[in-house]
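Asks: One structure coming up, written as structure tokens, with questions to follow.
The values are calculated or read from the model by the stated rules, or taken from the named source; none is laboratory data. Because the structure is predicted, anything quoted here is derived from the model rather than measured. FYI the Cβ positions are ideal-geometry reconstructions off the backbone, even for glycines, and counts take in every protein chain you see. The protein model used for the area step is the full one, side chains on, heavy atoms only, and it has no ligands, DNA or RNA in it. Shrake-Rupley method; radii C 1.70, N 1.55, O 1.52, S 1.80 Å.
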Amino acid sequence: MTAHLKEISKSIEAAQGDLFLEELNRKWNDHNKALQMIRDILMYMDRTYIPNTHKTPVHELGLNLWRDNVIHSSKIQSRLLSMLLELVHRERTGEVIDRGLMRNIIKMLMDLGSSVYQEDFEKPFLEVSAEFYMGESQKFIECCDCGDYLKKAELRLNEEIERVTHYLDVKSEVKITNVVEKEMIANHMMRLVHMENSGLVNMLLDDKYEDLGRMYNLFRRVPNGLSTIRDVMTSHLREIGKQLVTDAEKLKDPVEFVQRLLDEKDKYDSIISQAFSNDKTFQNALNSSFEYFINLNNRSPEFISLFVDDKLRKGLKGVSEEDVEIILDKVMMLFRYLQEKDVFEKYYKQHLAKRLLSGKTVSDDAERSLIVKLKTECGYQFTSKLEGMFTDMKTSQDTMQGFYASHPELTDGPTLVVQVLTTGSWPTQPSITCNLPAETSALCEKFRSYYLGTHTGRRLSWQTNMGTADIKATFGKGQKHELNVSTYQMCVLMLFNNADRLSYKEVEQATGIPASDLKRCLQSMACVKGKNVLRKEPMSKDIGEDDAFFVNDKFTSKFYKVKIGTVVAQKESEPEKQETRQRVEEDRKPQIEAAIVRIMKSRRVLDHNNIIAEVTKQLQSRFLANPTEIKKRIESLIERDFLERDNNDRKLYRYLA
């Protein structure tokens, strides 16, 4: 057989050009048929003699002879390899080759044993491929933008996977894809991500979902690929977030400001769900970025509350219940990022109070739905007072019905509607009493005696700064209007029933309204076009102490009912902000102390650093406790004999029962 194969080997060597592989394939098929026949003839020997004497079986011996005399003959071995690699190269550069012939030759190498396939073909094939893709990636990266480069890389990867299915060993797939990934992606990762005008940041800015998805799918195949994308996305997000929350221009309108944050969040949510297949690690990166920059601006809690206020006053009119829920859920998502949730609560309470008292809320259901969400998020403690506010509103309605039922004679004169507010639940303001007109003042006294008669042990103090009034007015040419005004404005207007002209000083004296409120109230009635029921001399935008006022007889309006608002300070002014801040700081003290006592009660002995860590952890659902403040509270508790310092180690504290 050896002599026969040497002859065959010569005839294969003699074949020219492309006929070489065909000749090899043909002779291999002949050899296979001959081997089967010889095996059949010698079957008995194969089954009995060979196992006993541990010789090589007939078929295997035939293959080994073919390997040694044909495939490994000096002239055939190198020629075969270079022809196979040449064909692969031609296919990669776009030519069509005879895949059937390739498959047969590669199958022959595999049949001769995996070591033959690996040594004679696979190893050199992988080396040549690495060189090819190294050169190609260099060429592409110089002339393409990031999106096009990724398309080409994806195409090449798919081509190699397809090539394996057509004529290579299945086990080669992992090896060749690794080569493509390393040469085309891993080696150029940073350059691709930061590519000018087309890298990751530009894709994010221009919402290129397809390119982003492709980048995600290719980068996830290489080590550290996804973390590279994630880091660049995070730093970009933090950068634009920081600009958003620190740009003074954008902070002028709180509602716009929050809307921008929500739009940004929506944008990245859809990028993560559509392009990054909802990857949890990307979600976490997005959340931590938002938490980072929302808390850079200490007015975020106030602005989010103002946004809710705007939506619940007018923004949700005619919006379906599902959409209302979606908006409220988005607000809750921003709320979760806040570190100072108690500051939000302070503002939310103030805004809710104004909405309830002025009857301006669009829907009670939406209000309650948000409170339920806040309760789920922060527990009962957080919302108990807010729920108390709703209860007060309901109780007040019943009280008014009872009042009028017991005073039937009051149906003719002015009507009084009183909201009785529990001091602890509502954001209290120092109550400054103003002098009410005689007509209303008598009514108020009747209500006071009725209320105190039906409830024992209570005190009533009027919050005139929070009320409203409807008054009928007749102007110069007999035109009548109903004016909807604040209690303060009513007190001022009623003075003009008995006087034609009043100076600022006279108004101040007669009403007893605080100067800042009085000026705002007069400004809204004398200086706002279309609402100017009063006129002042001299005419100017601001109220001076020497101004004089009289009724504007020429006042007209196309509406019978005219609402005259007060010139409001939408965002808090600086002093108000400081005051709210102080109130928040004061409210935090007992909470920090309670947390310290709870911890010490269960631990008995604890060192300073651990107390600070535990307290911060316990309170972080409401606010970020300041270590200096915690230290002061510990000192205060030591003074009041709740804790004591250890005599030997000053950093250890003991709980005193």
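Asks: Condition first: modelled with pLDDT of 85 or more and over 15 Å from Leu518 (Cα atoms). Now tell me which residues in segment 461-495 satisfy that.
Replies: Ala469, Asp470, Ile471, Lys472, Ala473, Thr474, Lys480, His481, Glu482, Leu483, Asn484
Asks: Do we find a residue being open to solvent by 30 Å² or more (accessible area, probe 1.4 Å), part of a helix (DSSP H, G or I), touching a residue at least 12 places away in the same chain (Cβ under 8 Å) and touching a Pro at 6+ places or on another chain (Cβ under 8 Å) anywhere in segment 24-36?
Replies: no
Asks: Go through the residues of segment 79-100 one by one and say whether even a single one is within 60 Å of the chain's Cα centre (by Cα), more than 21 Å from Asp169 (Cβ to Cβ) and either of a type in the set (A, V, I, L, M, F, W, C) or part of a helix (DSSP H, G or I) (or both).
Replies: For segment 79-100, residues within 60 Å of the chain's Cα centre (by Cα), more than 21 Å from Asp169 (Cβ to Cβ) and either of a type in the set (A, V, I, L, M, F, W, C) or part of a helix (DSSP H, G or I) (or both): present.
Asks: Still on this structure: Please work out if Ser82 is open to solvent by less than 60 Å² (accessible area, probe 1.4 Å), in the same structural domain as Asn158 (by the TED database) and of a type outside the set (A, V, I, L, M).
Replies: In short, no.
Asks: Can you spot a residue in segment 263-271 that is out of contact with any Cys (no Cβ under 8 Å at 6 or more places or on another chain), exposed (fewer than 14 other Cβ atoms within 10 Å of the Cβ) and in a loop (DSSP other than H, G, I, E, B)?
Replies: The answer is no; no qualifying residue exists.
Asks: Would you mention how many residues in segment 312-343 are farther than 12 Å from Leu262 by Cα and either open to solvent by 40 Å² or more (accessible area, probe 1.4 Å) or within 18 Å of the chain's Cα centre (by Cα) (or both)?
Replies: 16
Asks: Further, regarding this structure: Checking the condition buried (at least 16 other Cβ atoms within 10 Å of the Cβ), under 60 Å from the mean Cα position of the chain (by Cα), modelled with pLDDT of 90 or more and of a type outside the set (A, V, I, L, M, F, W, C), which residue from Asn104, Asn69 passes?
Replies: Testing whether each residue is buried (at least 16 other Cβ atoms within 10 Å of the Cβ), under 60 Å from the mean Cα position of the chain (by Cα), modelled with pLDDT of 90 or more and of a type outside the set (A, V, I, L, M, F, W, C) leaves just Asn104.
Asks: Moving on to the next point. Being open to solvent by 10 Å² or more (accessible area, probe 1.4 Å) and among the acidic types (Asp, Glu): is that true of Glu160 here?
Replies: The answer is no for Glu160.
Asks: A further question on this structure: For segment 240-257, which residues satisfy the criterion of being open to solvent by 40 Å² or more (accessible area, probe 1.4 Å) and over 15 Å from the mean Cα position of the chain (by Cα)?
Replies: Residues satisfying the conditions are Gln243, Thr246, Asp247, Ala248, Glu249, Lys250, Lys252, Asp253, Glu256.
Asks: If the requirement is being under 30 Å from Glu291 (Cα atoms), in a helix (DSSP H, G or I) and either among the polar types (S, T, N, Q) or open to solvent by 90 Å² or more (accessible area, probe 1.4 Å) (or both), which of these qualifies: Arg583, Arg598?
Replies: Arg598
Asks: OK, next. Can you name the residue in segment 537-568 that is of a type in the set (Phe, Trp, Tyr) and in a loop (DSSP other than H, G, I, E, B) and, of all such residues, is least open to solvent (accessible area, probe 1.4 Å)?
Replies: This residue is Phe555.
Asks: Next question. Just one of the numbered conditions (1) assigned by the TED database to the domain that holds Val308; (2) out of contact with any strand residue (DSSP E or B) (no Cβ under 9 Å at 6 or more places or on another chain); (3) open to solvent by 20 Å² or more (accessible area, probe 1.4 Å) is not true of Gln401; which one?
Replies: (1)
Asks: Please specify each residue of segment 606-635 satisfying the condition of being among the hydrophobic types (A, V, I, L, M, F, W, C) and either surrounded by 14 or more Cβ atoms within 10 Å (Cβ to Cβ) or at pLDDT 90 or above (or both).
Replies: Leu606, Ile611, Ile612, Ala613, Val615, Leu619, Phe623, Ala625, Ile630, Ile634
Asks: Among the residues of segment 260-275, is there at least one that is under 26 Å from Tyr216 (Cα atoms), in contact with a Ser or Thr (Cβ under 9 Å, 6 or more places away or on another chain) and modelled with pLDDT of 85 or more?
Replies: Checked segment 260-275: at least one residue is under 26 Å from Tyr216 (Cα atoms), in contact with a Ser or Thr (Cβ under 9 Å, 6 or more places away or on another chain) and modelled with pLDDT of 85 or more.
Asks: In segment 400-434, what residues are part of a helix (DSSP H, G or I) and not aliphatic (A, V, I, L, M)?
Replies: The answer is Gln401, Gly402, Phe403, Tyr404, Ser406, Pro408, Glu409, Thr411.
Asks: Go through segment 182-217 and give me each residue that's crowded, with 18+ Cβ neighbours inside 10 Å and under 19 Å from Asp269 (Cα atoms).
Replies: Residues satisfying the conditions are Leu200, Val201, Met203, Leu204, Lys208, Asp211, Leu212, Arg214, Met215, Tyr216.
Asks: Please pick out the residue among Arg220, Arg230, Arg260 that is closer than 30 Å to Leu306 by Cβ and open to solvent by 20 Å² or more (accessible area, probe 1.4 Å).
Replies: Exactly one residue qualifies, and that residue is Arg260.
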